[in-house]
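The values are calculated or read from the model by the stated rules, or taken from the named source; none is laboratory data. Values in this document were obtained by computation on a predicted structure and should not be read as measured data. Glycine also receives a Cβ, built like all others from the backbone with ideal geometry; neighbour counts cover every protein chain displayed.
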Amino acid sequence: MSSTACFVIVSRNDSPIYESEVGTAPKKDEAAHLHQFILHASLDIVQDVVWNTNNMFLKVVDKFNDLLVSVYVTAGHTRLMLLHDSRNEDGIKNFFQEVHELYIKMLLNPLYVPGSRISSPFFDTRVRALARKYL
Amino acid sequence: MRASLRPSDPAASPAVERVNAELFTLTYGAIVRQLLTDYEEIDEVNKQLDTMGYNIGARLVDDFLAKANITKCTDFRETADVIAKVGFKMFLNVTATVANWSSDNMECSLILDDNPLVDFVELPETCQGLSYCNILCGVLRGALEMVSMRTEVKFVKDMLRGDDAFEIRLKLLEHVPEEYPYKNDE
């Protein structure tokens, strides 16, 4: 079964610092833009939802046709956003938690400036491996 | 093992104070980060780290000799052993392996499999030439110079650049004879 999934990390200043298409569906150019657009649109909803719960994992916050947006917000207000079409909440939760840990390790790197783009190939590989494992 | 290395583990003695490893690592990281912003050029940062290390080493050696409870080293081989087994243990809580001696016994490698300075660190593309732990070279050079050995110290292997271990090349240039502040006939 092929699935669509697009993963983006948005910094507290609302700039995307990491993006990857982690789905198994063949990649289409216009789809990538559409995915970004949907995720971008759901940022406003995240802003409201985040104050209504104590959990970091906000579950599904938005829908677009058959695509769902799940969001995880870290204590520093960095948002991990996943656009997906599968309904596998536990897997997504685990995925977010592990990526969160990776992200913390990234932040501990003294040579990484918080809020700047994550260009580390190591991080990218690990995120893709986690996506294969959980999504 | 040589006789001079036998006294009980100096790192375990109460005279050596300890500090949280993460605090230490992140403080060092902050220093490197600041140097990168201040000097902008990687080579200059490497040089500064070395100089800072030199100043640390020059002071640290007295502290080391006072607390380590070791006897006088008779040759450079023994010195290298003491640095690797006692010095690194005391200040970084890791031990190094001494290897790759040159035939004239003037040059050797200290190999570190584990280095607390580089936890969490990953070199971004913009800092490829950075020798992140260069401060260690400076420390060794400074410390040895204070005990009248002029040395040249540099990193030849660096895990941050993809090598399998950290290797510090230690080269003895000369023994500097101690100069007395008075003349013979005074």
Problem - Number of the condition not met by A:S42 [criteria: (1) in a loop (DSSP other than H, G, I, E, B); (2) more than 21 Å from A:T125 (Cβ to Cβ); (3) among the hydroxyl-bearing types (S, T, Y)] - result: (1)
Completion exercise
Those residues of the stretch A:77-125 which are in a helix (DSSP H, G or I) and touching a His at 6+ places or on another chain (Cβ under 9 Å) amount to A:I92
Exercise for the section: Restrict the check to the stretch B:119-131 and report whether at least one residue is surrounded by fewer than 18 Cβ atoms within 10 Å (Cβ to Cβ), within 14 Å of another protein chain (Cβ to nearest Cβ), more than 28 Å from B:E17 (Cα to Cα) and touching a Lys or Arg at 6+ places or on another chain (Cβ under 8 Å). Expected result: yes
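Applying the selection to the stretch A:87-133, what residues are of a type in the set (A, V, I, L, M, F, W, C) and within 15 Å of the chain's Cα centre (by Cα)?
If the condition is that a residue be of a type in the set (A, V, I, L, M, F, W, C) and within 15 Å of the chain's Cα centre (by Cα), then A:I92, A:F95, A:F96, A:V99, A:L102, A:I104, A:I118, A:F123, A:V127, A:A129, A:L130, A:A131 are the ones that fit.
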Handout entry: Every pair of residues 6+ apart whose Cβ atoms lie under 8 Å, when the first sits in the stretch B:142-164 and is surrounded by fewer than 16 Cβ atoms within 10 Å (Cβ to Cβ) and assigned to a loop (DSSP other than H, G, I, E, B) while the second is at pLDDT below 90 and not basic (K, R)
Key = B:S148/B:H175; B:S148/B:V176; B:S148/B:P177; B:S148/B:E178
Completion exercise
Restricting attention to the stretch B:83-132, the residues that are in a helix (DSSP H, G or I) and either polar (S, T, N, Q) or modelled with pLDDT under 90 (or both) number exactly 3
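In the stretch B:27-41, what residues are assigned to a helix (DSSP H, G or I) and surrounded by fewer than 16 Cβ atoms within 10 Å (Cβ to Cβ)? Before you say what the answer is, go through the steps one by one.
Within the stretch B:27-41, the first condition is being assigned to a helix (DSSP H, G or I), and the residues that meet it are B:27-39.
Passing the criteria: B:T27, B:A30, B:I31, B:Q34, B:T37, B:D38, B:Y39.
Just for the stretch A:99-110: of the residues that are of a type in the set (A, V, I, L, M) and crowded, with 19+ Cβ neighbours inside 10 Å, which one is nearest to the other protein chains (Cβ to nearest Cβ)?
Taking the stretch A:99-110 as the starting set, the residues that turn out to be of a type in the set (A, V, I, L, M) are A:99, A:102, A:104, A:106-108.
Narrowing further to those that are crowded, with 19+ Cβ neighbours inside 10 Å: A:99, A:106.
Values: A:V99: 16, A:M106: 8 Å.
Here the residue is A:M106.
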Handout entry: Residue in the stretch A:77-98 that is farthest from the other protein chains (Cβ to nearest Cβ), counting only those that are touching a residue at least 60 places away in the same chain (Cβ under 8 Å) and either among the aliphatic types (A, V, I, L, M) or surrounded by fewer than 19 Cβ atoms within 10 Å (Cβ to Cβ) (or both)
Key = A:D85
Exercise for the section: From (1) β-branched (V, I, T); (2) surrounded by fewer than 20 Cβ atoms within 10 Å (Cβ to Cβ); (3) under 13 Å from the mean Cα position of the chain (by Cα), pick out the condition that doesn't hold for A:V73. Expected result: (2)
